[in-house]
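*Asks:* Below: one structure in structure tokens.
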Amino acid sequence: MIKNIVFDFGDIFINLDKEATFKELAKLGVHQITEEMMSIVHQYEKGEVSTSDFIEFFHNKFTVDKPDLVSAWNAILLDFPQHRLVFLKALASSKKYRLFLLSNTNEMHIKWIEEDWGSELYAEFKNCFEQFYLSHEIGFRKPNADIYSFVLQENNLLAKETFFIDDTIENTEAADRLCIKTWNLIPGKEDVVNLLTKKEFNP
């Protein structure tokens with residue numbers, strides 16, 4: 001029986017254009033994504049690198065204006081469809097499940113979201129969850145097993161009673177290995193609002 005639901009953020013609630021940042025960086029002359037660059041990104045997502053140092057790294061490496069880098073970095077973020085908030089609020093109000101958010105979200109992205117949505121909408125969304133876990137605040141990132149263990153242990157959750165929704169197959173496969181039930185949602189073809197009718201949720 002499912003008692004706990006853990007949601008990803010991007011392409012689950014807020015829509016993403018995952019190619020947009022690469023396209024914008026290419027316009028700035030950054031055409032190749034190296035292992036070193038991805039290592040810095042992952043460190044940034046875990047809060048191991050500050051926003052200023054993250055921007056400084058790319059600025060020094062490519063001699064690109066810092067405001068342009070910030071704009072390119074945030075280009076991935078799109079809209080938050082209202083029907084998903086309606087669904088989430090109804091689910092939270094039902095009190096049938098403990099709700100958690102678990103996202104590989106960095107400081108620049110969450111700052112953009114707060115400013116774009118406004119403080120009232122952001123608080124309304126955040127308050128639907130018992131815990132709101134962002135990778136840069138907790139020092140873990142998906143798909144590493146330690147992030148799932150952290151959520152389970154911090155909240156005394158049983159894996160077999162926990163359902164995790166994410167659009168990235170590596171993330172759901174990692175949760176599967178810990179016996180957490182999962183839904184690898186396909187953006188554009190599936191929508192989180194249909195959760196309660198999914199056969200994965202109702203085995």
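*Asks:* Counting helices only, and only those DSSP H runs with n ≥ 4, report the 222 nm mean residue ellipticity of the chain as the sum of -39,500 (n - 2.57) divided by its residues, in deg cm²/dmol to the nearest 500.
*Replies:* -13500 deg cm²/dmol
*Asks:* To test your reading of the geometry: what angle, between 0 and 90 degrees and rounded to tens, separates the Cα axis of helix 145-154 from the longest principal axis of the chain?
*Replies:* 50 degrees
*Asks:* Is the C-alpha gyration tensor of segment 100-139 telling us rounded, prolate or oblate? Criteria: a/c under 1.5 is rounded; beyond that, a/b larger than b/c is prolate, otherwise oblate.
*Replies:* Oblate.
*Asks:* Here is a follow-up. Packing-wise, with mean Cβ within 10 Å as the measure, how do 43-55, 20-32 rank, highest first?
*Replies:* Highest mean packing first, the order is 43-55, 20-32.
*Asks:* How many angstrom separate the Cα center of segment 1-72 from the Cα center of segment 85-150?
*Replies:* Measuring centre to centre over Cα atoms gives 18 Å.
*Asks:* Still on this structure, please answer the following. Accessible area of the chain with a 1.4 Å probe: how many percent of it is carbon plus sulfur?
*Replies:* Reported share for carbon and sulfur atoms: 50 percent.
*Asks:* If you don't mind, there's one more thing I want to ask. Against the longest principal axis of the chain, how steep is helix 35-45, in degrees 0 to 90 to the nearest 10, with axes from Cα atoms?
*Replies:* Between helix and principal axis, roughly 50 degrees.
*Asks:* Accessible area, 1.4 Å probe, largest first: how do I147, I76, I169 sort?
*Replies:* The residues order as I169, I76, I147, largest area first.
*Asks:* Let me check against my output: what whole-number percent is the relative contact order of the chain, with C-alpha pairs under 8 Å and at least 6 apart?
*Replies:* Reported relative contact order: 29 percent.
*Asks:* May I pose another question? Whole number in Å², please: accessible area per residue of segment 1-71, 1.4 Å probe, ligands, DNA and RNA not counted.
*Replies:* I get 54 Å² per residue for segment 1-71.
*Asks:* Relative to the longest principal axis of the chain, what angle (0 to 90°, nearest 10) does the C-alpha long axis of helix 51-62 take?
*Replies:* Helix 51-62 sits roughly 40 degrees off the main axis of the chain.
*Asks:* May I ask you to derive the FRET efficiency for N127 and K198 from their Cβ-Cβ distance with R0 = 25 Å, giving the value to the nearest 0.05?
*Replies:* 0.50
*Asks:* Please list, in chain and number order, the residues 5+ apart from Q131 or on another chain whose amide H is under 5 Å from its amide H, with Hs placed from the backbone.
*Replies:* Hits under the 5 Å cutoff: L101.
*Asks:* Sticking with this one: May I ask you to give the solvent-accessible area per residue for segment 109-203, in square angstrom, as obtained with a 1.4 angstrom probe?
*Replies:* Per-residue accessible area for segment 109-203 comes out at 53 Å².
*Asks:* What is the set of long-range amide H partners of F164 at a cut-off below 5 Å, with H atoms built 1.01 Å from backbone N?
*Replies:* Residues meeting the amide H criterion: V6, K181, T182, W183.
*Asks:* Just check segment 120-203 against the gyration tensor rule for me: Cα atoms, a ≥ b ≥ c as the square roots of the eigenvalues, rounded for a/c under 1.5, and otherwise prolate or oblate depending on whether a/b exceeds b/c.
*Replies:* rounded
*Asks:* Provide the percentage of antiparallel DSSP beta bridges, counting only those with both residues in the chain; round to the nearest 5.
*Replies:* 5 percent
The values are calculated or read from the model by the stated rules, or taken from the named source; none is laboratory data. Remember, it's a predicted structure, so these values are computed and weren't measured experimentally. Please note: Cβ atoms are built from the backbone with ideal geometry, for glycine as well, and neighbour counts cover all protein chains shown. The area values use the complete protein model at the heavy-atom level, side chains included, leaving out ligands, DNA and RNA. Shrake-Rupley method; radii C 1.70, N 1.55, O 1.52, S 1.80 Å.
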